[in-house]
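The values are calculated or read from the model by the stated rules, or taken from the named source; none is laboratory data. Since the structure is predicted, the reported quantities are computational estimates derived from the model, not experimental observations. Using ideal geometry, Cβ is built from the backbone for each residue, glycine included, and neighbour counts are taken over all protein chains shown. Heads up: the accessible areas ignore ligands, DNA and RNA and are worked out on the full protein's heavy atoms, side chains in. Shrake-Rupley method; radii C 1.70, N 1.55, O 1.52, S 1.80 Å.
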Amino acid sequence: MSLCASAAVVAAGTRLLGPTVAHAADAADAFPMPPLPYPDNGLEPAISARTISFHYGKHTAAYYGNLNKAVAGTPMATMKLEEVIKAVAGDPAKAGLFNNAAQSWNHTFYWAGMKPGGGGTPPAKVADALSAAFGSVDACVTQLSDAAKTQFASGWAWLVKGREGGKDVLKVLKTGNAENPITQGYTPILTIDVWEHAYYLDYQNKRPDYVQAFFDKLVNWDEVAKRL
């Protein structure tokens, strides 16, 4: 895990998985996949309905499907998803379970961090916190964008909060594959998915263009404010 850090005092508490939404999957599943908080074409033109059909309809659904199969009939079926992730993290014998649990969580968090007509100027609560931590909103966006652009191969760029040296901090980090900052004691605030299936149909190899579009047209600053 690579870290690119700045610190500031921030408010405690967060909603890890974004807005409360109705479940789309069968109630028998231990971890039903939440529906998107917008229509399949709701993020166009920045992210096409075709990308959503694969990324959400196939990739995210597969993670949830594999997760539910893996935990069915086990004590983990009664645990919170965050608890499952932490319980199996770092255990090579349970790598498959970790990957599917973490990717289910990561994707739900990612989808809730975007909205139709997103981007623009963040609300004062967010702007103040980011300015205190990074010097300015633009400086934070630059760090987070750089993390997304430079994450080698598949992975994620994150804005997180945590406690270091007796202080609450905001920082940027990046993780590979399915890795999630909650296994390191951090609370995610925002994430950018940089697996190729997140952007390749729309941007091909131009990951920087996808990252730019994320901040210009997609990021849900209101949700970030709630998570802070």
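Using a probe of 1.4 angstrom and keeping all protein chains present, the accessible surface of the chain works out to 44 square angstrom per residue. The charge dipole of segment 124-203, taken about the Cα centre with unit charges on the Cβ atoms of Lys, Arg (+1) and Asp, Glu (-1), comes to about 300 debye, rounded to the nearest 20.
Take every pair of alpha-carbon atoms less than 8 Å apart whose residues are at least six positions apart; their mean separation over the length of segment 71-204 yields a relative contact order of 23 percent. Here the spin labels are modelled as points 7 Å beyond Cα on the Cα-Cβ line, and at H59 and A72 they lie 2.6 nm apart. With distances taken between every two different alpha-carbon atoms, segment 71-228 has a Kirkwood hydrodynamic radius of 16.4 Å. Over all directions, the projected convex hull of the C-alpha atoms in segment 29-123 averages 7.3 nm² in area.
Considering only A147, G65, G165, and ranking their Cα positions along the charge dipole of the chain that arises from unit charges at the beta-carbon of Lys, Arg, Asp and Glu, the one farthest toward the positive end is G165. For the chain, averaging the sequence separation of C-alpha pairs within contact (under 8 Å, six or more residues apart) and dividing by the residue count gives a relative contact order of 31 percent. Computed in the context of the full set of protein chains, the accessible area of segment 129-228 at 1.4 Å probe radius has 46% of its extent on carbon or sulfur.
Taking amide H positions as modeled 1.01 Å from N, with prolines and chain starts lacking one, the residues under 5 Å from G155 and 5 or more places away or on another chain are N177, V194, W195.
Solvent exposure of T150, expressed as accessible area, is near 80 Å², computed with a probe of 1.4 Å over the protein chains only. Summing charges over neighbours of T150, with a neighbour being any other residue whose Cβ is under 12 Å away from its Cβ, gives +2 when K and R count +1 and D and E count -1. Computed with a 1.4 Å probe on the full set of protein chains, the accessible area for D29 sits at about 60 Å². Computed about its Cα centre, the charge dipole of the chain is approximately 260 debye, with only Lys, Arg, Asp and Glu carrying charge at their Cβ. The mean sequence separation of alpha-carbon pairs under 8 Å and at least six residues apart, normalised by the residue count of segment 61-109, gives a relative contact order of 46 percent.
Taking a Cβ cut-off of under 14 Å around H197, the surrounding Lys, Arg, Asp and Glu residues balance to a net charge of 0, with basic ones at +1 and acidic ones at -1.
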